[in-house]
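Peer 1: Below is the structure I would like to discuss, written out as structure tokens.
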């Protein structure tokens, strides 16, 4: 174990936000696990530590992946289509999904002595130099980088960049509101399934995620929902309908993506059947979801955006590229239907 003096000398170790003292422990209020952490111990996610009665993040600017990526790969389909975001992540996660696609990052705990520190000013400069349109926390749970994002996002805004998260949506309301105030424009939330799926595989409460989707909408953020449909876990009609109906209750215009799972980490179940994803898409349409999508099947017709009024193809996609954009002033060129899309990029 590193000494206190040694730990605090590393640039990625900073006093954290959102905590309070509870008897001889501290309570982390970053996510809804609200861990009670003893002296010299770490919380569930292993990125936050009690050092002499104060909470410290061990991952401030500890960036383990950094790449310019199309916004469609997140997927965001109604947020700056055709743009690119400098995408970054850190170690660990506050969920334990056994099918994690990025387990090489999410299952490794931070080591401040071996950290790759990138200052907020530096990451924003990289985005500008790369001619990216924004920043995106992704790959692992970006909420764990909250202190870093609260510093980086306002700097990005000053340079005309957008800010977004690809998240499991398990942060506290306090954290979500702080991110919005700092300049977070959009959030894509992964819905794992119904309440039983969350309890069994994530030891978590699905109601927290639905609450945060509502709050993000209320705060004025752009929201999209993704359901990774996993064979034998959340691919039943009942589970799919649970997600569809809850999404519709919040806003039938929220884009709802059903994406194909492939075996990863501890899961070896076969890839999601194409027919299952197509069934989910049709169920969503029948229930009144205006913009359902099928993902991880390149070239599928259901990855395009269609006008919910006349059926015209509004945005045609090929993989993660936008190949046609048939909107003017956010309206369908054929029938004039208003389409809720955050203004399109300069690249279109």
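Peer 1: Just checking, how many residues over region 182-193 are under 27 Å from residue 227 (Cα atoms) and outside any strand (DSSP E or B)?
Peer 2: 6
Peer 1: Which ones in region 128-169 are in contact with a strand residue (DSSP E or B) (Cβ under 6 Å, 6 or more places away or on another chain), in contact (Cβ under 8 Å) with a residue 40 or more places away in the chain, part of a helix (DSSP H, G or I) and under 21 Å from residue 220 (Cα atoms)?
Peer 2: If the condition is that a residue be in contact with a strand residue (DSSP E or B) (Cβ under 6 Å, 6 or more places away or on another chain), in contact (Cβ under 8 Å) with a residue 40 or more places away in the chain, part of a helix (DSSP H, G or I) and under 21 Å from residue 220 (Cα atoms), then 142, 143 are the ones that fit.
Peer 1: Is region 210-222 home to any residue that is touching a strand residue (DSSP E or B) at 6+ places or on another chain (Cβ under 9 Å), within 22 Å of residue 99 (Cβ to Cβ) and in a loop (DSSP other than H, G, I, E, B)?
Peer 2: No: region 210-222 contains no residue that is touching a strand residue (DSSP E or B) at 6+ places or on another chain (Cβ under 9 Å), within 22 Å of residue 99 (Cβ to Cβ) and in a loop (DSSP other than H, G, I, E, B).
Peer 1: Could I ask something else about it? Given (1) in contact with a strand residue (DSSP E or B) (Cβ under 9 Å, 6 or more places away or on another chain); (2) over 20 Å from residue 318 (Cα atoms), where does residue 300 come up short, assuming only one miss?
Peer 2: (2)
Peer 1: Now a separate question. I'd like to know if region 96-112 contains one or more residues that are in a helix (DSSP H, G or I), at pLDDT 95 or above and over 30 Å from residue 270 (Cα atoms).
Peer 2: Yes, region 96-112 contains at least one residue that is in a helix (DSSP H, G or I), at pLDDT 95 or above and over 30 Å from residue 270 (Cα atoms).
Peer 1: Now for a different question. Suppose the filter is touching a strand residue (DSSP E or B) at 6+ places or on another chain (Cβ under 6 Å) and closer than 26 Å to residue 326 by Cα; does residue 228 pass it?
Peer 2: So residue 228 does not fit the description; no.
Peer 1: Give the residues of region 145-169 that are within 13 Å of the chain's Cα centre (by Cα) and more than 19 Å from residue 20 (Cα to Cα), sorted by residue number.
Peer 2: The answer is 163, 164, 165, 166, 167, 168, 169.
Peer 1: Testing residue 59 on (1) surrounded by 17 or more Cβ atoms within 10 Å (Cβ to Cβ); (2) modelled with pLDDT under 95, one condition comes back false. Which one is that?
Peer 2: (2)
Peer 1: Could you tell me whether region 31-48 includes any residue that is under 19 Å from residue 164 (Cβ atoms) and crowded, with 23+ Cβ neighbours inside 10 Å?
Peer 2: Within region 31-48, one or more residues are under 19 Å from residue 164 (Cβ atoms) and crowded, with 23+ Cβ neighbours inside 10 Å.
Conditions (1) touching a helix residue (DSSP H, G or I) at 6+ places or on another chain (Cβ under 8 Å); (2) modelled with pLDDT under 95; (3) outside any helix (DSSP H, G or I); (4) surrounded by fewer than 18 Cβ atoms within 10 Å (Cβ to Cβ), marked per residue:
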{"residue": "225", "(1), (2), (3), (4)": "yes, no, yes, no"}
{"residue": "228", "(1), (2), (3), (4)": "no, no, yes, no"}
{"residue": "249", "(1), (2), (3), (4)": "no, no, no, yes"}
{"residue": "258", "(1), (2), (3), (4)": "yes, no, yes, no"}
{"residue": "271", "(1), (2), (3), (4)": "no, no, yes, yes"}
{"residue": "280", "(1), (2), (3), (4)": "yes, no, no, no"}
{"residue": "289", "(1), (2), (3), (4)": "yes, no, yes, no"}
{"residue": "316", "(1), (2), (3), (4)": "no, no, yes, yes"}
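Peer 1: Does region 318-329 contain at least one residue that is assigned to a loop (DSSP other than H, G, I, E, B), surrounded by 14 or more Cβ atoms within 10 Å (Cβ to Cβ), touching a helix residue (DSSP H, G or I) at 6+ places or on another chain (Cβ under 9 Å) and at pLDDT below 95?
Peer 2: yes
The values are calculated or read from the model by the stated rules, or taken from the named source; none is laboratory data. Remember, predicted model here, so these are calculated numbers, not experimental data. Positions of Cβ are backbone-derived with ideal geometry, glycine not excepted, and every protein chain shown enters the neighbour counts.
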